[in-house]
1. Among the residues in segment 121-136, are any assigned by TED's automatic domain parsing to the domain that holds Ser203, over 30 Å from Arg180 (Cα atoms), in a helix (DSSP H, G or I) and among the hydrophobic types (A, V, I, L, M, F, W, C)?
2. Test of understanding: among Leu167, Leu197, Leu174, Leu186, which residue is surrounded by fewer than 18 Cβ atoms within 10 Å (Cβ to Cβ), in contact (Cβ under 8 Å) with a residue 12 or more places away in the chain, assigned to a helix (DSSP H, G or I) and assigned by TED's automatic domain parsing to the domain that holds Arg224?
3. Against the condition farther than 21 Å from Ala49 by Cα and more than 19 Å from the chain's Cα centre (by Cα), how does Lys101 come out, does it pass?
4. Counting just the residues of segment 5-44 that are modelled with pLDDT under 95 and surrounded by fewer than 13 Cβ atoms within 10 Å (Cβ to Cβ), which one comes out nearest to His89 (Cα to Cα)?
5. Report, ordered by the first and then the second residue, all pairs with beta carbons closer than 9 Å, sequence separation of six or more or different chains, a first member in segment 203-229 that is not assigned by TED's automatic domain parsing to the domain that holds Pro148 and modelled with pLDDT of 95 or more, and a second member that is aliphatic (A, V, I, L, M) and not in a helix (DSSP H, G or I).
6. Of all residues in segment 123-142, which are over 12 Å from the mean Cα position of the chain (by Cα) and either of a type in the set (Val, Ile, Thr) or surrounded by fewer than 21 Cβ atoms within 10 Å (Cβ to Cβ) (or both)?
7. Check off (1) under 19 Å from the mean Cα position of the chain (by Cα); (2) within 28 Å of Lys231 (Cβ to Cβ); (3) exposed (fewer than 14 other Cβ atoms within 10 Å of the Cβ) for Ala149 and give me the number that stays unchecked.
Amino acid sequence: MGHGWEGVVLKLFRGRDFTFTVTGAEQVTDRFRRVHVTDGGLLAATGGAHPTMWVRLWFEKDGKPHQRAYTLVDPDPEAGTFSLEFALHEGPACDWAKETKAGDTIDATLQGTGFTLPDPAPKRLFVIGDPAALPAINSLLDAIPQTPATIWFESSDEDDRKLPFRLDEAHHTLHHVERREGGAHLVAEVKAALPGLLGDDHSDAYVWVACDTSTTRTLSAYLRKELGLPKDRVNALGYWRP
């Protein structure tokens, strides 16, 4: 399968293509699936992985190429392996995740990923996300495990409380927030709590946001314009379109 016009554009932006081979899969919950792959040389080519690193996977939809981004989970540069996690819903990506088996292959393009923790490192971390962002959230918590973190996690199903959060009770506080009003309820919850948690001096804090595009845009504007956080202390990326 070719990659169509999107593939051409990614090539123009120096996207690099790889082919991953599936080695196995596991059903984490009814709504969450993990697929294990060999990396096709990706980690050797990049010199390893950074926190929240993601790749674009290629699927077929209505006979046309269709790409979606997924975070690398537990990358092992020496072994050349990692896993991919899927919050299951309708669509070609999740159909593939549910059906794939050892020996299957999937094309991927590396382009656009990039993340560096701020320097100096934050002494407090605030994270706002949902099931689609959970692999990246876990990656971020793994990168700075001793940093106190408050997480607001939006979901629409009670079973999402069973998802594989990598939490340390001594350092991490998780708030489950029901998805209501297209994300407006999450925004309200964050606005009610975050100013008090930040306090008057937020120079040692870092806020990471990855929700749907609309919610992410709203929260990003709030953090920068109303709370006055500098750009280098906020990372906001919409993970899906509502």
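1. No, segment 121-136 contains no residue that is assigned by TED's automatic domain parsing to the domain that holds Ser203, over 30 Å from Arg180 (Cα atoms), in a helix (DSSP H, G or I) and among the hydrophobic types (A, V, I, L, M, F, W, C).
2. On inspection, the qualifying residue turns out to be Leu197.
3. Details: farther than 21 Å from Ala49 by Cα: yes; more than 19 Å from the chain's Cα centre (by Cα): yes.
So Lys101 fits the description; yes.
4. Within segment 5-44, the match that is nearest to His89 (Cα to Cα) is Asp30.
5. none
6. Residues satisfying the conditions are Lys123, Arg124, Asp142.
7. That leaves (3) as the condition not met.
The values are calculated or read from the model by the stated rules, or taken from the named source; none is laboratory data. Just so it is clear, the structure is predicted and the values come from calculations on it, not from any experiment. We place every Cβ from the backbone using ideal geometry, glycine too, and count neighbours over all the protein chains shown.
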